[in-house]
Amino acid sequence: MSKPVETQPIRPAATVIIVRDAEVGFEIFMLKRTSKAAFASGMYVFPGGRVDGDDHLHAYDAWRHGPSDEQALQVAALGDEWRGFWVAAIRETFEEAGLLLAYDDSGSLVRHEDDSEWDRLQAYRHPLHDGEIDMLEICERENLKLAVDHIHYYNRFVTPLGRPRRFDTRFFVAETPPGQVGFHDDKETVDSVWISPADALARHKAGDFDLMNVTRMQIESLAHCDSYEAVIEMAASKTEFPVHRPVIPTGPAAA
């Protein structure tokens, strides 16, 4: 009798590479995971996390702007569950990084201009993380619409068989909202930094900026862009969305 095939659960996830203009080139926003984390402990990552069941709710349709007609290929590549991946991307980015990718009731992207208003919005982060409130209720209370049209699907990575935790992650690219700078949550993440791809890769090589392989690969792909505008244009105009399924090397060569 043949042995049963060993399986591991794969969790759907969404991650956002936030980009901002810089004096030379551009910078990306990264968070350092706490050393106590069960996954990617002590490593620098992009904001993101697991897609929850409620992220797929059609009720979000009244509280989102986009996807635009120009994002039709992104929708097709994401498939029938496209809504959940975009909602999770925005929710996790706000929860982990304090960057709110949404439009206010005037139709403008939410920006940090009034400290008291901003503090009120930021106060939702920990209750959101703890499940005391969801993104839909925040939108309803604050009359926000999720800026789906501002966030572009980029590619997909599936964690290889054999890892303690496996994720099927959709990566997105987005411009930083005007006036927002981002800050770690002091729960799952303990540090945050805006950094150029070249500096991130150099520090990783020097051993003081730990990156997972998938994160390193994403940074390497962006490093070929020479400006902020080039990154956004590249992400917005993609027509192919590769699915990467790396495998863990086995045999003598892996030793």
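Summary of values
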item: Residue count, segment 221-240 (criterion: more than 14 Å from residue 28 (Cα to Cα) and either exposed (fewer than 14 other Cβ atoms within 10 Å of the Cβ) or touching a Leu at 6+ places or on another chain (Cβ under 8 Å) (or both)); result: 5
item: Within segment 59-98, tally of residues that are closer than 18 Å to residue 232 by Cα and not hydroxyl-bearing (Ser, Thr, Tyr); result: 12
item: Number of the condition not met by residue 196 [criteria: (1) among the hydroxyl-bearing types (Ser, Thr, Tyr); (2) modelled with pLDDT under 95; (3) touching a Phe, Trp or Tyr at 6+ places or on another chain (Cβ under 9 Å)]; result: (2)
item: Residues being within 18 Å of the chain's Cα centre (by Cα) and of a type outside the set (A, V, I, L, M, F, W, C) - total across segment 146-164; result: 8
item: Criterion: at pLDDT 90 or above, out of contact with any Gly (no Cβ under 9 Å at 6 or more places or on another chain) and more than 13 Å from residue 45 (Cα to Cα) - qualifying residue of 203, 166; result: 203
item: Every residue from segment 71-106 that is of a type in the set (Gly, Ala, Ser) and within 15 Å of the chain's Cα centre (by Cα); result: 84, 88, 89, 97, 98, 102
item: Single unsatisfied condition, residue 218 versus (1) closer than 12 Å to residue 30 by Cα; (2) at pLDDT 95 or above; (3) of a type in the set (S, T, N, Q); result: (1)
item: Set 247, 231: member being within 28 Å of residue 161 (Cα to Cα) and touching a residue at least 24 places away in the same chain (Cβ under 8 Å); result: 247
item: Criterion: of a type outside the set (Phe, Trp, Tyr) and touching a Cys at 6+ places or on another chain (Cβ under 9 Å) - qualifying residue of 121, 146, 136, 99; result: 146
item: Cβ-Cβ under 8 Å pairs, at least 6 apart or on other chains, segment 211-228 side free of Cβ contacts under 8 Å to residues at least 24 places away in the same chain, far side assigned to a helix (DSSP H, G or I) and surrounded by 14 or more Cβ atoms within 10 Å (Cβ to Cβ); result: 216/201; 216/204; 220/197; 220/201
item: Residue check, residue 27 surrounded by fewer than 22 Cβ atoms within 10 Å (Cβ to Cβ), farther than 25 Å from residue 144 by Cβ and at pLDDT 95 or above; result: yes
item: Qualifying residue in segment 66-76 (condition: touching an Asp or Glu at 6+ places or on another chain (Cβ under 9 Å) and surrounded by fewer than 12 Cβ atoms within 10 Å (Cβ to Cβ)); result: no
item: Residues of segment 85-111 satisfying the condition of being out of contact with any strand residue (DSSP E or B) (no Cβ under 6 Å at 6 or more places or on another chain) and hydroxyl-bearing (Ser, Thr, Tyr); result: 106, 108
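The values are calculated or read from the model by the stated rules, or taken from the named source; none is laboratory data. Everything numeric in this text was worked out from a predicted model, so none of it was measured. Neighbour counts run over all protein chains shown; Cβ positions are idealised from the backbone, glycine included.
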